[in-house]
Structure formats: C-alpha cells, structure tokens
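This report refers to the structure that appears directly beneath it.
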Amino acid sequence: MDVFFDDRVLDHDTGRGFFEAAADWPLAIDEPHPENADRLRNMRTLLRGGPLADRLRWHDGRLAIVEELARVHEPDYVASIERWCAHGGGRITPTTVLSTGSWEPLLAAAGTSLAAADAVLGGASGAALALVRPPGHHAQPAQADGYGVFNHAALVAQRARDAGVARVAVLDWDVHHGNGTQACFADRADVLTVSMHMRHGPWGPSHRQTGAPDEIGEGPGRGFNVNLELPLGTGDAGHLAILHEVAVPVIDRFAPQLLVVAAGQDGSQFDPNGRQAVTMAGYRAFGELAADLADRHTGGRVVVTQEGGYALSYAAACLHATVEGLLETGPLLDDPLAYLPERTDGVDEAIAAVWSALAGTPLAR
C-alpha cells in the first residue's frame, strides 16, 4: 500500500483553549485543540515503525493549486480562505481555527490527497492512503466546518470523474456525518456517498444537514446519498451490521469503478469527540470490508483520506488496524485498551430507516 504524506500539514496551528472552543475561563492549563499535529505524528510513527512498516511505500505529497480546489469548492470561497490566513487567521466557525501559517498546510493536505488519487488512477498504485490534516469531510462547496476547510474525499472523487471514471463511491466511517461530501454531490448520480455516523443532527449554521436517513439526495442524485445513522454508544457489531446490511448491497448495486474511503477513528470508545464504542477489531473489519468491495468492483483501486481521530494513542492504533484490514493481514497489533461491552440496541431500527428512505430510488432494496 502507498502512503502519501507532506510534512507541511503539521504546520497548521490550531492553538490551545477550552478543548475546541474559544471560552476564556480561569483554568490552570489550556489544552490543545483536539485537531492538532500530534495526532498525525503518532499515526505516521506507528505506521512507519510498527509491524506494517515493510508493507508500506511512502511518498511525498504536494501543494494543490487553486484551480484544483475549484473543481469542488467555489472560487470566491477559496480566495476568502487565503485572505483569512494572510490577515492572521482566527475562528471561521466556532470550532474551526486558521492561523497565519495555515494556507500552505491546507494546500498540502488537498494536494497530497490528489497525489494519492493520481497514483491510483494512473496505475502506479492499487491502494493509497493520504495521511493528511485537518479533516475534510465536513467542508462544503462554500463553507468550512468541523475543523475542515477543503474536502479531500470530494476532491479525490471529482479527480476520478475528471479522469473518466464513470462511477465513484465514497464510504465515510468517521463518527460524524460527512455533511460536506453530501453537499458536494447531493444532486449527482455519478458519485454515491455513504456516511456511517453517530446520531447527532445539525450543529449550527455551518452544519445544517441532519445526517438522517431521509437525506437521500436531490434531483438526479435522489437515492445516491445514504446516511447510516447509529444510536450513541453503538459498538463493533452494530456498525458492522449496518455496513453489511445496507452499505454493501447499496455499493454493490451502484458498482463503482473507484472506491474512496473517508477514514476517521473518532468512533472509538476512547475518543474525546465520539460517543461510540468501536475497537481496533472493528476498524480492522471496516478495512477488510472496504478491501472486499474494491476487489469486487474496482480491481482493488481504493483511495483513503484520513479524517477524524483525536485520542492521540488509540486513534493511531485504530488507523494501523484499518490498514491491516485493507491489506488483509489479520491482526498484527493486540488491543491494549478495549473493554466496553457491545451495544447493538436500536441498530435494527436504524437499518430499517435507511431502506425505508431509499424506497423507490435506483439503489432501493
């Protein structure tokens, strides 16, 4: 597997404060913003130094150019982000922070994702991981959200379409709704978006989408946006049930020619930003499922973009487990932490809600 990384993504400075908020309370110690460079440092180090090391080929990323960003994002929005950074940065949403030095790291994250896509589309790689930050799946065509500014999974999907790939599927298992990717392709039938996430609803002007099953796309895209909304606290078994009973048959019917995975690890039981109970074994199984889908439909072609994951140690371990699954190696690292019992109540209802919402659409059961 090929891993694409650019050191410049580490230079995006999100500062310190009250977790992700700007509250100025009289505390002894401000904590780092959860979306910080250390999370990627741990992921990179474990992949390079762990048991997968000899199975991974590392490549330098690159900077995106504005014209590439404009394939997904509105040009005025892209220009506004550059101005924000040039004038000192600040909070562009209540949780999304820019600094004076953020512009180049943002270009590096987008460009590195596109470099991974180009390697797969050009035949140099079968499977590629873009190890980037900040996460991108909340970024909409003209709206930053959820720490992210440019939507890396959407950029990869659009790159594939521009290269002549007829059908692209995006499978997103970050713990939060991939509202940005949904917004980018809501009215299109050539890109299928499937987001599995905890039930959280909208969270303000920057994230008006609900993530509920009834958001199935619009116009020609009706039925090509699928939201798998799970109850809080759902563990491995519940996540795998909805993937196998909804995501897999939907993707099989769509028959993509490229699979894009928006891989977050913030659904783990130790993540400060998630409310689920997914373990390393769960993430390994997610990776295996994606590999099976790619083998069945795309000749093994899959591009993975790194999304959330904020438990500094465990998120790195869960990414390692995900890559184990993608490479179908079986377990190479033992889980030192997992202990929560499985919760699966409400999952059958969640599965039924998705199929009900998709009734009468091209990918209906």
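The values are calculated or read from the model by the stated rules, or taken from the named source; none is laboratory data. Not measured: the values here are computed from a predicted model. Glycine also receives a Cβ, built like all others from the backbone with ideal geometry; neighbour counts cover every protein chain displayed.
Within segment 185-193, one or more residues are under 25 Å from Pro134 (Cα atoms), over 15 Å from the mean Cα position of the chain (by Cα) and not in a helix (DSSP H, G or I). Checked across segment 54-62, the condition of being touching a helix residue (DSSP H, G or I) at 6+ places or on another chain (Cβ under 9 Å), more than 22 Å from Leu131 (Cβ to Cβ) and not acidic (Asp, Glu) holds for no residue. Scanning segment 312-336 for residues that are at negative phi and exposed (fewer than 15 other Cβ atoms within 10 Å of the Cβ) returns Ser313, Pro331, Asp334, Pro336. Pairs linking a residue in segment 173-198 that is in contact (Cβ under 8 Å) with a residue 24 or more places away in the chain and closer than 11 Å to Asn225 by Cα to a residue that is surrounded by fewer than 23 Cβ atoms within 10 Å (Cβ to Cβ) and hydroxyl-bearing (Ser, Thr, Tyr), with Cβ atoms under 9 Å and 6 or more positions apart or on different chains, are Asn179/Thr210.
In segment 118-145, of all residues being touching a Ser or Thr at 6+ places or on another chain (Cβ under 7 Å) and not acidic (Asp, Glu), the one that is farthest from Trp103 (Cα to Cα) corresponds to Ala119. Based on this model, can you work out whether Asp118 counts as surrounded by fewer than 17 Cβ atoms within 10 Å (Cβ to Cβ), at pLDDT 95 or above and part of a helix (DSSP H, G or I)? When the stated conditions are applied, Asp118 does not pass them. Would you mind stating whether Ala157 is outside any loop (DSSP other than H, G, I, E, B) and more than 22 Å from Ala64 (Cβ to Cβ)? Against the criterion (outside any loop (DSSP other than H, G, I, E, B) and more than 22 Å from Ala64 (Cβ to Cβ)), Ala157 does not qualify.
For Gly111, the requirement of being surrounded by fewer than 14 Cβ atoms within 10 Å (Cβ to Cβ) and out of contact with any Cys (no Cβ under 9 Å at 6 or more places or on another chain) is not met.
Yes or no, residue by residue, for (1) out of contact with any Phe, Trp or Tyr (no Cβ under 9 Å at 6 or more places or on another chain); (2) part of a helix (DSSP H, G or I); (3) within 17 Å of His200 (Cα to Cα):
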site	(1), (2), (3)
Gly223	yes, no, no
Val226	yes, no, yes
Ala237	yes, yes, no
Ala241	yes, yes, no
Val246	no, yes, no
Arg253	yes, yes, no
Phe270	no, no, no
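Return yes when Phe254 is closer than 22 Å to Ala169 by Cβ, aromatic (Phe, Trp, Tyr) and surrounded by fewer than 24 Cβ atoms within 10 Å (Cβ to Cβ) and no when it is not. Judged against the criteria, Phe254 is a match. Of the residues making up segment 344-358, just one is free of Cβ contacts under 8 Å to residues at least 60 places away in the same chain and of a type outside the set (D, E, K, R), namely Ala352.
Would you check which residues across segment 338-358 are in a loop (DSSP other than H, G, I, E, B), out of contact with any strand residue (DSSP E or B) (no Cβ under 8 Å at 6 or more places or on another chain) and surrounded by fewer than 15 Cβ atoms within 10 Å (Cβ to Cβ) and list them? Working first, answer last.
Of the residues in segment 338-358, the ones in a loop (DSSP other than H, G, I, E, B) are 338-346.
Among the residues that remain, those that are also out of contact with any strand residue (DSSP E or B) (no Cβ under 8 Å at 6 or more places or on another chain) are: 338-339, 345.
Once the filter is applied, which keeps residues that are in a loop (DSSP other than H, G, I, E, B), out of contact with any strand residue (DSSP E or B) (no Cβ under 8 Å at 6 or more places or on another chain) and surrounded by fewer than 15 Cβ atoms within 10 Å (Cβ to Cβ), segment 338-358 yields Tyr339, Asp345.
Checked against the criterion of being at positive phi and not hydroxyl-bearing (Ser, Thr, Tyr), the candidates Ala186, Ala160, Ala255 yield just one match: Ala255.
Select, from Gly201, Gly233, Gly223, the only residue that is free of Cβ contacts under 8 Å to residues at least 12 places away in the same chain and surrounded by fewer than 23 Cβ atoms within 10 Å (Cβ to Cβ). Walk me through how you get there before you give the answer.
Values: Gly233 fails: free of Cβ contacts under 8 Å to residues at least 12 places away in the same chain; Gly223 fails: free of Cβ contacts under 8 Å to residues at least 12 places away in the same chain.
That would be Gly201, the only listed residue that is free of Cβ contacts under 8 Å to residues at least 12 places away in the same chain and surrounded by fewer than 23 Cβ atoms within 10 Å (Cβ to Cβ).
Only a single criterion out of (1) of a type outside the set (S, T, N, Q); (2) surrounded by 21 or more Cβ atoms within 10 Å (Cβ to Cβ); (3) in a loop (DSSP other than H, G, I, E, B) is not satisfied by Pro105, namely (3).
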